[in-house]
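See below for the structure under consideration.
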Ligand SMILES: [Zn+2]
């Protein structure tokens, strides 16, 4: 049973916000676009395991998609987490085509696709690290010790998996998507002792959902983008120009004369993704180019955002604007950006 749906990838939203606000000829733009394509591919690949997961008996599996947890100042992300009475399984989903070769001596992955060879970090190590972090994180809640296991799931059925001669361990950790139900049956046979009661699983599910917070793991610094290089202000939804001008009660595009009541909303979403999850009146005025404190206050108040701080230094919490759980709007962005 799915108890947490898949989030829209926040890294993709972050990259889309950069793409909107960075000059087309910026040296980092090709990298931004390359990473966007990769994120879209990964997201599509994750949805490809929905069918094999749907075959698992509902009552035995609690399925949590895209779980991001902060632990010891780092954010770790699990594509899919399966909770059972007997064990917990972490799934790292890879959407790769062509032939992939696992080199377990040097923990590298080589992909050969249409004559091109690419090297990656070994996803088995990646998912093992997530498993280790999840184990440590779980210790604080005093649940009975439950076995943890992790798998790399190759979601593209036409991907050919290769290993070194004599390598007998990779096939225990790397599986094709369609093999998931069988693999889980095998795991049930290995970890056949009931550790968690139904009540404890419910409690654990609640704790994980409560601690989940989708955050971009990419940063402007990694992409060699200086924040001052990003365009500020509200964007015109018709001609895509920056910035729109705020009159008393609406936004006005100087280029195409388009008028908007709420162009500040997508702009503040971008602010949240690119700069900070909270904003003060002064910061919002600088960002949206609104000279009047009162006009800015009226706009922010109308959005019914939660606030922190006292009346002197009030900050508005922007994070709920991003709403990763309703991907229908974002799907449109995906199809446009291909
Ligand atoms: Zn315009």
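The values are calculated or read from the model by the stated rules, or taken from the named source; none is laboratory data. Keep in mind the model is a prediction, meaning the values are calculated, not measured. Note: ideal-geometry Cβ built from the backbone for every residue, glycine included; neighbour counts use all protein chains shown.
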- Do we find that residue 118 is more than 23 Å from residue 70 (Cα to Cα) and surrounded by fewer than 21 Cβ atoms within 10 Å (Cβ to Cβ) in this structure? yes
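Let's see how each residue does on (1) loosely packed, with under 14 Cβ neighbours inside 10 Å; (2) touching a strand residue (DSSP E or B) at 6+ places or on another chain (Cβ under 8 Å):
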site	(1), (2)
225	no, no
228	yes, no
234	no, yes
239	yes, no
244	no, yes
248	yes, no
277	no, yes
294	yes, no
Selection over the range 54-92 where residues are buried (at least 17 other Cβ atoms within 10 Å of the Cβ) and under 14 Å from residue 134 (Cα atoms) yields a count of 19
Checked against (1) more than 30 Å from residue 201 (Cβ to Cβ); (2) under 24 Å from the mean Cα position of the chain (by Cα); (3) modelled with pLDDT under 95, residue 105 satisfies every condition except (2)
**Prompt:** Of the residues that make up the range 289-304, is at least one more than 16 Å from the ligand (Cβ to nearest atom), within 23 Å of residue 11 (Cα to Cα) and either within 33 Å of the chain's Cα centre (by Cα) or assigned to a helix (DSSP H, G or I) (or both)?
**Reply:** no
One residue is enough: does the range 2-24 have a residue meeting the conditions farther than 23 Å from residue 269 by Cβ and not in a strand (DSSP E or B)? no
Just checking, does the range 187-194 include any residue being part of a helix (DSSP H, G or I) and buried (at least 17 other Cβ atoms within 10 Å of the Cβ)?
yes
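Every residue, every condition in (1) at pLDDT 95 or above; (2) within 26 Å of residue 38 (Cα to Cα); (3) under 22 Å from the mean Cα position of the chain (by Cα); (4) in a helix (DSSP H, G or I), yes or no:
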residue: 126; (1), (2), (3), (4): no, yes, yes, yes
residue: 129; (1), (2), (3), (4): no, yes, yes, yes
residue: 150; (1), (2), (3), (4): yes, yes, yes, no
residue: 165; (1), (2), (3), (4): no, no, no, no
message = Given the condition under 26 Å from residue 223 (Cβ atoms) and surrounded by fewer than 18 Cβ atoms within 10 Å (Cβ to Cβ), answer yes or no: does some residue in the range 4-22 qualify?
response = yes
Counting only residues that are touching a residue at least 12 places away in the same chain (Cβ under 8 Å), within 10 Å of the ligand (Cβ to nearest atom) and not in a loop (DSSP other than H, G, I, E, B), the range 252-271 contains a total of 1
Next on the checklist: Quick check on the range 196-209. Is at least one of its residues away from the ligand (no atom under 11 Å from the Cβ), in a loop (DSSP other than H, G, I, E, B) and either in contact (Cβ under 8 Å) with a residue 24 or more places away in the chain or surrounded by fewer than 18 Cβ atoms within 10 Å (Cβ to Cβ) (or both)?
Outcome noted: yes
Based on this model, can you work out whether residue 253 counts as surrounded by 15 or more Cβ atoms within 10 Å (Cβ to Cβ), more than 25 Å from the chain's Cα centre (by Cα) and outside the structural domain of residue 21 (by TED's automatic domain parsing)?
yes
key: Boolean, residue 31 is surrounded by 18 or more Cβ atoms within 10 Å (Cβ to Cβ), more than 30 Å from residue 193 (Cα to Cα) and at pLDDT 95 or above   = no
Practice problem: For the range 169-180, indicate whether the set of residues that are modelled with pLDDT of 95 or more, within 30 Å of residue 29 (Cβ to Cβ) and either surrounded by fewer than 13 Cβ atoms within 10 Å (Cβ to Cβ) or out of contact with any strand residue (DSSP E or B) (no Cβ under 8 Å at 6 or more places or on another chain) (or both) is non-empty. | Solution: no
For the range 229-251, the count of residues that are within 11 Å of the ligand (Cβ to nearest atom) and part of a loop (DSSP other than H, G, I, E, B) equals 11
